[in-house]
1. Which helices (runs of 4 or more DSSP H) sit wholly inside the stretch 1-114 and have at least 3 residues that are more than 23 Å from PHE141 (Cα to Cα) and touching a residue at least 60 places away in the same chain (Cβ under 8 Å)?
2. Do you know which residues across the stretch 37-57 are under 24 Å from SER257 (Cβ atoms), of a type outside the set (Gly, Ala, Ser) and either surrounded by 19 or more Cβ atoms within 10 Å (Cβ to Cβ) or out of contact with any helix residue (DSSP H, G or I) (no Cβ under 8 Å at 6 or more places or on another chain) (or both)?
3. Which of the residues that make up the stretch 81-101 are of a type outside the set (Phe, Trp, Tyr) and either buried (at least 17 other Cβ atoms within 10 Å of the Cβ) or closer than 18 Å to GLY169 by Cβ (or both)?
4. Being surrounded by 22 or more Cβ atoms within 10 Å (Cβ to Cβ) and under 13 Å from the mean Cα position of the chain (by Cα) is true for just one of PHE141, PHE158. Which residue is that?
5. Kindly establish whether GLU164 is surrounded by fewer than 19 Cβ atoms within 10 Å (Cβ to Cβ), touching a residue at least 12 places away in the same chain (Cβ under 8 Å), more than 27 Å from ASN214 (Cβ to Cβ) and out of contact with any Ser or Thr (no Cβ under 6 Å at 6 or more places or on another chain).
6. Of the residues TYR189, TYR167, only one is more than 23 Å from ILE100 (Cα to Cα) and of a type in the set (Phe, Trp, Tyr); which?
7. Of the residues SER257, SER241, SER187, only one is over 30 Å from ARG94 (Cβ atoms), without any contact (Cβ under 8 Å) to a residue 40 or more places away in the chain and out of contact with any Gly (no Cβ under 6 Å at 6 or more places or on another chain); which?
Amino acid sequence: MENIDILTVINQKNKKEILNLIKENGKFKTLSLFAQTLDKRAYVTLDSNGNLKRKEGNMILPVFAFFNDPEILADSIIKYADLKERQILDKIERFSNINIEKIKENLIKTVFNGNIDFAKKYGKELFLRDRKAFFSLLGTFVTIGNSDSLKGLFLVAFNKLMEECEYEGNIFYLLISYITKFRDNTSNYENCQIKTYQVDDIKKMILNNKDVLNSTLGLGILSNLYIVKNFDIPNKEKILSKLAFEIENYQSLMPLSEEQKQILELFL
């Protein structure tokens, strides 16, 4: 596997070779092999003339988490791999000499401030020491932003992947990189009025609003509801209020892709 020229495979869109890799090595090792072409160097850029350009995150982690069909997996690698964005992924170092409370404090600071170099190290350290604490802390973080960023979906997908395999550095990097570098805002979280909601209340609201349901906002809200229900996060009341606010006050909606539609069904 180490001798495979992934650049040639991607450049030639060699689906047959990717299918062979999946068959011989499994989907996790194959995803790890191509990870260096599946990230973005930056998700938003600003030039000297004030022109803002935002890149969308790809769906590679959710696809590999929720689908097992080799055809779908191979197609997704070809679809999302970008040689222009290729990065050499070095082994992530650990902070094994720092106590766990300091690890948590530094991780939440670095992901919020967009510091990928330290976020990946603190994240790895917390994940390897205490997975439950890792998902609790990152669940707290990803749910405060706009739901249509799909950060919650990426975290849920990573959680599912890690139920099926051990820690894998390149796959871990894809998660940390996206939730750290993709900048969304927290205005809805900051400004919503706290009310008493249950998870089923929000789910009923979204099922009754088909426009929201069939959009990336709907998929993001359902992902965040899963986090509220299954992860031990401390700000559940505030998050549920924010999700209700998003349903009631959305300004624009982005339709779901075919793969996103299939993933949406898993949360209903």
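1. Values: elements: 6-11, 15-34, 60-66, 70-80, 100-113.
Because the criterion is at least 3 residues that are more than 23 Å from PHE141 (Cα to Cα) and touching a residue at least 60 places away in the same chain (Cβ under 8 Å), the helices (runs of 4 or more DSSP H) in the stretch 1-114 that meet it are 6-11, 15-34, 70-80.
2. Keep residues of the stretch 37-57 that are under 24 Å from SER257 (Cβ atoms), which gives 37-45, 52-57.
Now drop any that are not of a type outside the set (Gly, Ala, Ser), which leaves 37-41, 43-45, 52-56.
Answer for the stretch 37-57, where residues must be under 24 Å from SER257 (Cβ atoms), of a type outside the set (Gly, Ala, Ser) and either surrounded by 19 or more Cβ atoms within 10 Å (Cβ to Cβ) or out of contact with any helix residue (DSSP H, G or I) (no Cβ under 8 Å at 6 or more places or on another chain) (or both): THR37, LEU38, ASP39, TYR43, VAL44, THR45, LEU52, LYS53, ARG54, LYS55, GLU56.
3. If we filter the stretch 81-101 for residues that are of a type outside the set (Phe, Trp, Tyr), which is where we start, we get 81-94, 96-101.
Listed by number, the residues that qualify are ALA81, ARG86, GLN87, ILE88, LEU89, ASP90, LYS91, ILE92, GLU93, ARG94, SER96.
4. Working: PHE141 fails: surrounded by 22 or more Cβ atoms within 10 Å (Cβ to Cβ).
Going through PHE141, PHE158 in turn, the sole match is PHE158.
5. Numbers: surrounded by fewer than 19 Cβ atoms within 10 Å (Cβ to Cβ): yes; touching a residue at least 12 places away in the same chain (Cβ under 8 Å): yes; more than 27 Å from ASN214 (Cβ to Cβ): yes; out of contact with any Ser or Thr (no Cβ under 6 Å at 6 or more places or on another chain): yes.
Yes, satisfied.
6. Details: TYR167 fails: more than 23 Å from ILE100 (Cα to Cα).
Result: TYR189 is the single residue among TYR189, TYR167 that is more than 23 Å from ILE100 (Cα to Cα) and of a type in the set (Phe, Trp, Tyr).
7. Details: SER257 fails: without any contact (Cβ under 8 Å) to a residue 40 or more places away in the chain; SER241 fails: without any contact (Cβ under 8 Å) to a residue 40 or more places away in the chain.
One residue alone meets the criteria, SER187.
Here's the yes/no breakdown for (1) touching a Phe, Trp or Tyr at 6+ places or on another chain (Cβ under 6 Å); (2) surrounded by 20 or more Cβ atoms within 10 Å (Cβ to Cβ):
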position: ALA74; (1), (2): no, yes
position: LYS79; (1), (2): no, no
position: ILE103; (1), (2): yes, yes
position: TYR122; (1), (2): no, yes
position: LYS132; (1), (2): no, no
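Read-outs throughout are calculated quantities, based only on the coordinates presented, and are distinct from any laboratory measurement. Here the structure is a predicted model, which means the values were calculated and not measured. Every residue, glycine among them, receives a Cβ derived from its backbone with ideal geometry; neighbour counts consider all protein chains shown.
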